[in-house]
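Notes follow once the structure below has been shown.
The values are calculated or read from the model by the stated rules, or taken from the named source; none is laboratory data. Remember, predicted model here, so these are calculated numbers, not experimental data. Please note: Cβ atoms are built from the backbone with ideal geometry, for glycine as well, and neighbour counts cover all protein chains shown.
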Amino acid sequence: MNKYKGKKFIASYSGGKDSTLAIHRAIKQGMEPIELVTTYNTDRKQSWFHGISKQLLDNISKEIQIPIILMETTGEQYTLNFEAYLRAAKEKGAEVCVFGDIDLEEHLKWCTDRCVAAGIKAYFPLWKEARKDMVYEFIDSGFKTMITVVDTSRLSEDFIGKILTKQVAAEIERVGADICGENGEYHSFAFDGPLFKNPVKFKTGDVIHHDKYVIMPIL
């Protein structure tokens, strides 16, 4: 959106493909990144939702050459702490917060409400776009991402650890799951592409089974 060209922004960064693509688009549109924020679960000692460690986040920050701020929080204080972070970012000069959500209305409302409370604009570069087009854009742009979490009630365990290619995306779609994983079918870890100076070095741990989820730890 041209109205945000030249604006300084922060972004909600999970480490996954959607937030990565949203940040990439914002930069291509002429926006200036100040920093990224990753919410960090103080109980589990890893990032919320995608399970990335502090050390790995530091490595990502070095490769994308954008500071990554950890917002450490419990679930109970999540909303208050996120708003406090947004206010602090505004004081640093941030005018816009970028999010990678696609079409979940409750996510749009929650993120927008937090930004309104902090006096900052919320921007959703991927909002309401065709999901297959976005997945293909991500891949064609040269990004690489590994599937690290699978909800086995929606998608086969066989997809864990796979690199998201057009062939893998087609297989996900063929079995009736959301190609973007927007409903929680899978989460991914983006480790290479045009945002990265070099590919992020990482190792994978032993696969973990937890309730209906299969998790590939990223170390």
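Quick one: is S14 closer than 22 Å to F138 by Cβ, small (G, A, S) and not in a loop (DSSP other than H, G, I, E, B)? Criteria not met by S14.
In the set S153, S53, which member is at pLDDT below 95 and in contact with a Lys or Arg (Cβ under 9 Å, 6 or more places away or on another chain)? Checking each option against the conditions leaves just S53.
Yes/no per residue for (1) at pLDDT 95 or above; (2) surrounded by 19 or more Cβ atoms within 10 Å (Cβ to Cβ); (3) outside the structural domain of H187 (by TED's automatic domain parsing):
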position: T73; (1), (2), (3): no, yes, yes
position: Q77; (1), (2), (3): no, no, yes
position: A84; (1), (2), (3): yes, no, yes
position: R87; (1), (2), (3): yes, no, yes
position: V96; (1), (2), (3): yes, yes, yes
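For region 111-132, the set of residues classified as among the hydroxyl-bearing types (S, T, Y) and free of Cβ contacts under 8 Å to residues at least 60 places away in the same chain consists of T112 only.
All of (1) within 23 Å of R25 (Cα to Cα); (2) part of a strand (DSSP E or B); (3) not assigned by TED's automatic domain parsing to the domain that holds G6 hold for Y136 with one exception: (2).
Consider E171 carefully, then state whether it is touching a residue at least 24 places away in the same chain (Cβ under 8 Å) and acidic (D, E). Here the answer is no, as E171 does not meet what is asked.
Residues that are part of a helix (DSSP H, G or I) and of a type in the set (A, V, I, L, M) were ranked within region 79-108; the one that is farthest from P67 (Cα to Cα) is L108. The residues in region 150-182 that are within 18 Å of E129 (Cα to Cα) and either in the same structural domain as D103 (by TED's automatic domain parsing) or part of a loop (DSSP other than H, G, I, E, B) (or both) can be counted, and the count is 6. Only one of the listed residues (H210, H187) is modelled with pLDDT under 95 and within 17 Å of K17 (Cα to Cα). That residue is H187.
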